[in-house]
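A.B. asks: Provided herewith is a single structure, encoded as structure tokens, for subsequent inquiry.
The values are calculated or read from the model by the stated rules, or taken from the named source; none is laboratory data. Just so it is clear, the model here is predicted, and its values are computed rather than measured. Here the Cβ positions follow ideal geometry from the backbone for every residue, glycine too, while neighbour counts run over all protein chains shown. For accessibility, only protein heavy atoms count, side chains too; no ligands or nucleic acids. Shrake-Rupley method; radii C 1.70, N 1.55, O 1.52, S 1.80 Å.
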Amino acid sequence: LRSTIIKQVYLDGSRADDDDTVFEEQGPFLALQEDHLVGLCHMCSWQLAALAELCENLVEFRGEAQPRPQVKFTDYCSALVSSLSKMQSKLIGLGYFERFRRDLTLKNQMTPDYTNIYQIEHLVTIFEKMHALQKKHPAITTSLYLAGLTDVCRVINKCCSLSVNENIGQFMNCFSEFLPPQAKAQMRGEKIVGEHIPGGGEPDKPITTFEVEESEHMEKVLVDLMKTSLPWEVEETSQSESLEKLANFVLVLLDFVSLNDSALAIQAVQLLSRLCRRRKDFLEAIDDIQLLAVGDHDKFNSLEPWVKECDRVIDRLNQIEANAEQDKWYLKKEGLEHYAPEVKPIDWNQDDLESNKGRFIEERDEKERIIEYTMKEQYRQVVVRIHPSNLQEGKHVSNFDFDIRGTQKTDALREGKGTEDQGEEKAAEKDDEATEGAAENESSFAPLFVGVISSSWNPPSNREEDSADFRLQRLQAPTEFFGCDEMGKLYIRGQPIKETFGGFAQGNCVGLELDYSEPANAKLFIYVDGYRVAAIDREMEEGLIPCVIMTSLQQIVKLQQGRPRRGKGLLIRNPMDTRVEENLLAVSITYDVLLDTFYKQFPGTDRPNELLYQGWNSSFCTSSIDRRTEYISKIKAFKNTLEPRKVSSWCINCSLTGHYLESARFVRGARIAAQKAFISFYTNTSTHMHRSVAKDWKTLYKQEGEKTVESGLVYVDINPNLLYGATQVYVCFNEEDPAQLSPEQDPEITMHLKLTQLLPVREERSQLVKLFNHFTAVCRQGDGHLLKYHKVEILALRVLTFLRSTPALC
């Protein structure tokens, strides 16, 4: 904030802490122009003088005492006085009052009218006249009247600083007499060429006590301070008159202290203290004053653009921190942590397997949890639930994935469905045969069901199995079933509803999400290859168990292990998936081509690899392409079956760690080094339009005993500039078919990441460093203290506030 008393001054005596540069450069763009501000100064002075005369007339008019005025009238007058006093105080505090008075003096335009405007006698007069009115009518003690007196007292206190500034001005005029010729030439703006100094015949004045006391300007300062008087007293006032005015003013203040108003009493005491220490104020101001060279003004102008830019940089820093908090809020709102739960083994219900094994289903791979429908007669449906222990108590959201390894051949039926969607004459003419085939097979076609079933459901008894009604129910969902079938029909309590989606086929991964976060409004969400295609939120109950219902030959389902696949990429969580390396978080993810599984690696430790995801498509992220294509793909999933093929890109998502990518290394088999454009990388900040192609492959060595040998692998380091500020990294297999990968050619496909908690503020930090380095270079030139740069000081204080910010920003 600008000090009313001069703190920094140039050699020529002008204030260095006024923001005149900004006023002159941006004057046309200010809401209040110079004429407006001059008008405000004039208005305050004239209005206060007129109100002082009004108060005098309220006491006595033409020699006759006046009655007590109405309370409303005095309140309105007091409110006006209060507003004018606050305006006057603001004009003085901002320096406009002194500036306009100085400009008129330099132009020799300080006429008697202007002299009255830029003096403070009218403030003292209104103060004394309001006191006289209150003494005449002691009942005038309303809150508005006392508030007006308080505001006037406050602005008079500030005006005492103007008197100190006048003495400092005289002191600087005295000081300039003793400057050497070089400093005087610089002060006058004259150019020094070689050793020639303009006005060089002017002798140096020695700084001695005698010479200082002989100075006319110093004599004025000493005479003013030796006189016991009010600070604003004119020079011609005699000592006796000054003493009388001082005594009367002190009595006025003491009267106001006795009015039992705390705010007025405080301001009156502070003003009284200021009157008693005006010599001390001058001496302290001289002791604290900071002298600057005249040439600093230009350097300040040169730094102004830097200051403005860094001010904007600090705003961007605050915005980056706010955005980081907003991203955390979005992650929590999205419930992304539910897509990356702790990995625990999931298994089928053994009772369902044992009761049907050998008769209706076979467990093709017990380790991989793959089951197949094997009943040749196909007269019954088989419900296989997951084990109830997989539904943890107290867990509000549960996720399960089913990999569809095989379905009944339904080409004719699916083609018939497509022609039905197309409708119209063209479809009927074009696909008559397919439609007829679908009609014939529709009666015998029994779809695969995926969903949840009530815990109260019981398997049918042997007697029920032999009935004809039971065999017809094979084509229908059980009455306690919620979910979908492979054709995209949705079921609530076993009854189909009108809402449908595109369905699923062999090779798709069907995900179920049970949401009990609102017990009174349970929900079931269905995903196909990461796309949410359906939501069931009606008649849901607690205790539902995920299941598959197999009805026909060729139906094969695998219960996926590891984390669920929801189209968010390979989600990394802290600290379960990370380790600490060199004060940074490190993550290593490797893909086993033979087992089609992603693992977490912990190199340098005895900790074995841990299962992360199953299936190549676990790395798929719906946002790995541009937003428009992403939305179109999601819309298509509601109508058409998603094509079950291996995706061509990985997404490693580190958003849940709350950290940012620092470095990344990608490792593959040595044969990839010959293919320069097979792999590229991009991040969520660079988008898919800006990529880095993997071409500088380097051989990876390993240690065998005391020897270092080639490992048969190569690696490439991703450009750090591409990773900066990102939380997701994408690996694109551009010209390569992921379905053709083999363990022989790629014994290991690994991504090593290092994460940092520091926010991406590199550019902003660099800009701040440039400013302070530039400021330091200017200071080292030795041209004064350069304390005029108060904006740099304010900016530095704003930078220091980051010490209280989050560790990520510091």
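A.B. asks: Placing unit charges on C-beta atoms (Lys and Arg positive, Asp and Glu negative, everything else neutral), compute the dipole magnitude of the chain about its Cα centre in debye, rounded to 20.
C.D. replies: The calculated dipole for the chain is roughly 560 debye.
A.B. asks: A follow-up question, please. When the accessible area of the chain is split by element with a 1.4 Å probe, what percent falls to carbon and sulfur?
C.D. replies: 51
A.B. asks: Per-residue HN-Hα couplings for the stretch 573-590, Karplus 6.51 cos²θ - 1.76 cosθ + 1.60 at θ = phi - 60°, whole Hz, x for Gly and Pro?
C.D. replies: Per-residue couplings from phi come out as 10, 10, x, 5, 10, 10, 9, 9, 9, 6, 6, 10, 7, 10, 9, 10, 10, 10 Hz.
A.B. asks: State, in angstrom, two size descriptors of the stretch 650-762 derived from its alpha carbons: Rg to one decimal place and Dmax to the nearest whole number.
C.D. replies: When restricted to Cα atoms, the stretch 650-762 yields Rg and Dmax of 15.1, 46 Å.
A.B. asks: Return the subset of Lys344/Lys376; Lys107/Lys184; Lys332/Lys770; Lys600/Lys676; Lys600/Lys702; Lys344/Lys698 for which the Cα-Cα distance in this structure is over 26 Å, preserving the input order.
C.D. replies: Lys344/Lys376; Lys332/Lys770; Lys600/Lys676; Lys344/Lys698
A.B. asks: Of all DSSP beta bridges in the chain, what percent run antiparallel (nearest 5)?
C.D. replies: 95
A.B. asks: Now for a different question. Ordered by residue, what ³J(HN,Hα) values in Hz, to whole numbers, does the stretch 628-643 give under the Karplus form 6.51 cos²θ - 1.76 cosθ + 1.60, where θ = phi - 60° and Gly and Pro are x?
C.D. replies: Running phi through 6.51 cos²θ - 1.76 cosθ + 1.60 with θ = phi - 60° gives 4, 5, 4, 5, 5, 5, 5, 5, 4, 5, 6, 10, 10, 5, 5, 5 Hz.
A.B. asks: Also: Helix 432-442: angle to the longest alpha-carbon principal axis of the chain, degrees 0 to 90, nearest 10?
C.D. replies: Helix 432-442 sits roughly 80 degrees off the main axis of the chain.
A.B. asks: Amide H of Leu585: which non-local residues (sequence gap of 5 or more, or other chain) have their own amide H closer than 5 Å, using H built in the peptide plane?
C.D. replies: Under 5 Å from the amide H of Leu585 lie the amide H atoms of Leu755, each far enough along the sequence or on another chain.
A.B. asks: Identify all lysines with a Cα-Cα distance to Lys636 below 21 Å; exclude those on the same chain that are fewer than 8 residues away in sequence.
C.D. replies: Lys417, Lys489, Lys498, Lys568, Lys646
A.B. asks: For Lys129, go through the lysines and keep the ones whose alpha-carbon is under 27 Å away, minus same-chain ones fewer than eight residues off.
C.D. replies: Lys72, Lys86, Lys90, Lys158, Lys227, Lys245
A.B. asks: Simple spin-label model, 7 Å along Cα-to-Cβ: Glu354 to Ser14 in nm?
C.D. replies: 9.9
A.B. asks: I'd like the orientation of helix 143-176 relative to the chain: the angle between its Cα long axis and the longest Cα principal axis, in ° from 0 to 90, rounded to 10.
C.D. replies: Result, in degrees: 70.
A.B. asks: First obtain the Kirkwood hydrodynamic radius of the chain from its Cα pairs, then insert it into the Stokes-Einstein equation at 10 °C and 1.306 mPa s, and state the resulting D in µm² per second as a whole number.
C.D. replies: Translational diffusion coefficient: 45 µm²/s.
A.B. asks: Within the chain, what is the longest stretch that has no GluC sites (Glu not before Pro) placed in a DSSP loop and near at most 11 other beta-carbon atoms within 10 Å?
C.D. replies: That gives 1-194 as the longest site-free run.
A.B. asks: Could you provide, to the nearest whole Å², the per residue accessible area of the chain with probe 1.4 Å? Could the numbers behind the result be given before it?
C.D. replies: Numbers: 42020 Å² over 810 residues.
Computed with neighbouring chains in place, this is 52 Å² per residue.
A.B. asks: Here's a follow-up. If you place +1 on the Cβ of every Lys and Arg and -1 on the Cβ of every Asp and Glu, how big does the dipole about the Cα centre of the stretch 483-588 come out, in debye to the nearest 20?
C.D. replies: The dipole magnitude comes to about 220 debye.
A.B. asks: What FRET efficiency would be calculated for the residue pair Lys328, Thr685, taking the C-beta separation as r and a Förster radius of 22 Å, to the nearest 0.05? Each step should come with its number before you reach the end.
C.D. replies: Working: r = 17 Å, r/R0 = 0.77.
That pair, Lys328 with Thr685, gives E of 0.85.
A.B. asks: Report, by chain and number, residues whose modeled amide H sits under 5 Å from the one on Tyr660, excluding near sequence neighbours (fewer than 5 apart, same chain).
C.D. replies: Under 5 Å from the amide H of Tyr660 lie the amide H atoms of Thr756, Gln757, Leu758, each far enough along the sequence or on another chain.
A.B. asks: Using alpha carbon centroids, what distance separates the stretch 121-175 and the stretch 635-701, in Å?
C.D. replies: Their Cα centres are 75 Å away from one another.
A.B. asks: Any idea what the dipole of the stretch 558-679 comes to, in debye rounded to 20, about its Cα centre with Lys/Arg Cβ at +1 and Asp/Glu Cβ at -1?
C.D. replies: Roughly 640 debye for the stretch 558-679.
A.B. asks: What is the calculated FRET efficiency for Thr699 to Gln675, with r their C-beta to C-beta distance and R₀ = 22 Å, to the nearest 0.05?
C.D. replies: Working: r = 16 Å, r/R0 = 0.71.
Using R0 = 22 Å, I get an efficiency of 0.90.
A.B. asks: Tell me, what ³J(HN,Hα) does each residue in the stretch 123-130 have, in order and in whole Hz, if you take phi through Karplus 6.51 cos²θ - 1.76 cosθ + 1.60 with θ = phi - 60° and put x for Gly and Pro?
C.D. replies: 5, 5, 5, 5, 5, 6, 5, 5
A.B. asks: Sticking with this structure for a sec: Per DSSP H run of n ≥ 4, the term is -39500 (n - 2.57); total these for the chain, divide by its residue number, and report the mean residue ellipticity at 222 nm rounded to 500 deg cm²/dmol. All intermediate terms of the calculation are to be shown ahead of the outcome.
C.D. replies: Details: 24 runs with 320 residues, N = 810.
Value at 222 nm, helices only: -12500 deg cm²/dmol.
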